[in-house]
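Undergrad: Encoded as structure tokens, here's the structure I'll be asking about.
The values are calculated or read from the model by the stated rules, or taken from the named source; none is laboratory data. Bear in mind the structure is a predicted one, so any value in this text is a computation, not a measurement. Cβ placement follows ideal geometry from the backbone for every residue including glycine, while neighbour counts extend to all protein chains displayed.
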């Protein structure tokens, strides 16, 4: 890996170590310490997700103007809002912090992903994307391992103060060591018009669809499968091990799929992953009463969804020019946010009616994603990286 990529992955690892556990611990804090309904937690998460989507394209434009480094620093520091939630019990303040956290998430994700694509080539973007996501995954795991004992011994406040102090480190590392990248700008003109022209291009819209529909599937999957597994086993441990297995195997498979896509292009791996997801989600829809099916299908679904993240980033790298890449990354991240939000809402609304409903909708999302991929790659195929 290049020095730039190692620097970026290290920064995100420390940032996630400082703040990531705040997301998973928020429902416990809201219910146990504040005595508020889980509906309130769901509202906070929905606000965060929506705001992240709303700011994403603007964050890409900001990276064009002021560079990735400053946008990334703003995003990193903004993630402190997730820790500040544990220092207040005032509902309207929590909502305000959710807005700030959502904006920060959109800025950090857009800046980091577009920076990644600008420092990698077509021949290495798949493998580099796998390393990029691995840094976040490990940071999240470490964050949870650290936060649990601290909260048990000293409470949420101590965890929040420690995380706030630690989160200053990745911001400082970014300012000191991250080399800024500003793509060559085109001739003067209306920036807003150029952005609109870029985002309405058929190819960009198809890449957006390729990001939205698999993420909508994952929004359904990440809510439906853990709950069904818990109901079937009545075991928090089994449910936790299921998630750990999915995330752990995803980390390894992303490197394999990323390398595969670097060697043969993105089309074949995307077709393969989406086809597997269609089969897996359809099987789960009709056999969700069987615990073993839920466990196996659930893990395969997690792996497939994370692999699509690597493959879509590679596709964006292949099909964008440097001057437009930041805004396209922001666009696809916005669709990631709204896909996750819509998938979660659909699952929450339909799961207790009949679990088959959200699982069939998840299957349909993957079918549409495969159709979008075919339209994207068949209409305008690119040469394989080895011949580019």
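Undergrad: Have a look at 311, 277, 335, 241 and point out the one that is over 25 Å from residue 208 (Cβ atoms) and out of contact with any strand residue (DSSP E or B) (no Cβ under 9 Å at 6 or more places or on another chain). Write out each step before concluding.
TA: Numbers: 311 fails: over 25 Å from residue 208 (Cβ atoms); 277 fails: over 25 Å from residue 208 (Cβ atoms); 335 fails: over 25 Å from residue 208 (Cβ atoms).
When all the criteria are applied, what remains is 241.
Undergrad: Does residue 315 satisfy the condition of being buried (at least 17 other Cβ atoms within 10 Å of the Cβ), at pLDDT below 90 and closer than 24 Å to residue 130 by Cα? Let's see the steps before the verdict.
TA: Working: buried (at least 17 other Cβ atoms within 10 Å of the Cβ): yes; at pLDDT below 90: no; closer than 24 Å to residue 130 by Cα: yes.
So residue 315 fails the test.
Undergrad: Among the residues of segment 92-125, which ones are part of a loop (DSSP other than H, G, I, E, B) and buried (at least 18 other Cβ atoms within 10 Å of the Cβ)?
TA: Start the filter on segment 92-125 by keeping residues that are part of a loop (DSSP other than H, G, I, E, B), which leaves 119-124.
Scanning segment 92-125 gives 119, 120, 122, 124.
Undergrad: Can you tell which of 261, 235, 275 is more than 26 Å from residue 361 (Cα to Cα) and touching a residue at least 12 places away in the same chain (Cβ under 8 Å)?
TA: Values: 235 fails: touching a residue at least 12 places away in the same chain (Cβ under 8 Å); 275 fails: more than 26 Å from residue 361 (Cα to Cα).
The unique qualifying residue is 261.
Undergrad: From the list 227, 241, 237, 210, pick out the single residue that is closer than 26 Å to residue 357 by Cβ, in the same structural domain as residue 359 (by TED's automatic domain parsing) and at pLDDT below 85. Please lay out each step first, then the result.
TA: On the way: 241 fails: closer than 26 Å to residue 357 by Cβ; 237 fails: closer than 26 Å to residue 357 by Cβ; 210 fails: at pLDDT below 85.
Step by step, each of 227, 241, 237, 210 is checked, and only 227 is closer than 26 Å to residue 357 by Cβ, in the same structural domain as residue 359 (by TED's automatic domain parsing) and at pLDDT below 85.
Undergrad: Go through (1) assigned to a loop (DSSP other than H, G, I, E, B); (2) surrounded by 24 or more Cβ atoms within 10 Å (Cβ to Cβ) for residue 288 and report which single condition fails.
TA: (2)
Undergrad: Ok, one more. Taking residue 147 as the residue in question, decide whether it is buried (at least 17 other Cβ atoms within 10 Å of the Cβ), part of a helix (DSSP H, G or I) and at pLDDT 95 or above. If you could, list the steps in order and put the result at the bottom.
TA: Values: buried (at least 17 other Cβ atoms within 10 Å of the Cβ): yes; part of a helix (DSSP H, G or I): yes; at pLDDT 95 or above: no.
No; evaluated as a whole, the condition is false for this residue.
Undergrad: For segment 275-292, does any single residue satisfy the condition of being at pLDDT 90 or above, closer than 28 Å to residue 106 by Cα and not assigned by TED's automatic domain parsing to the domain that holds residue 112?
TA: Checked segment 275-292: at least one residue is at pLDDT 90 or above, closer than 28 Å to residue 106 by Cα and not assigned by TED's automatic domain parsing to the domain that holds residue 112.
Undergrad: Within segment 68-81, does at least one residue satisfy the condition of being outside any helix (DSSP H, G or I) and crowded, with 22+ Cβ neighbours inside 10 Å?
TA: Step one: list which residues in segment 68-81 are outside any helix (DSSP H, G or I), which gives 79.
Of the ones still in play, those that are also crowded, with 22+ Cβ neighbours inside 10 Å are 79.
Yes, the conditions are met somewhere in segment 68-81.
Undergrad: I've got another one for you. Given the conditions (1) in contact with a helix residue (DSSP H, G or I) (Cβ under 9 Å, 6 or more places away or on another chain); (2) over 14 Å from residue 225 (Cα atoms); (3) free of Cβ contacts under 8 Å to residues at least 40 places away in the same chain, which single one is not true for residue 353?
TA: Checking residue 353 against (1) in contact with a helix residue (DSSP H, G or I) (Cβ under 9 Å, 6 or more places away or on another chain); (2) over 14 Å from residue 225 (Cα atoms); (3) free of Cβ contacts under 8 Å to residues at least 40 places away in the same chain, the one that fails is (1).
Undergrad: Same structure, new question: Taking the stated definitions as given, is residue 166 surrounded by fewer than 22 Cβ atoms within 10 Å (Cβ to Cβ), modelled with pLDDT of 95 or more and under 23 Å from residue 340 (Cβ atoms)?
TA: Values: surrounded by fewer than 22 Cβ atoms within 10 Å (Cβ to Cβ): yes; modelled with pLDDT of 95 or more: yes; under 23 Å from residue 340 (Cβ atoms): no.
Taking the combined requirement at face value, the residue does not satisfy it.
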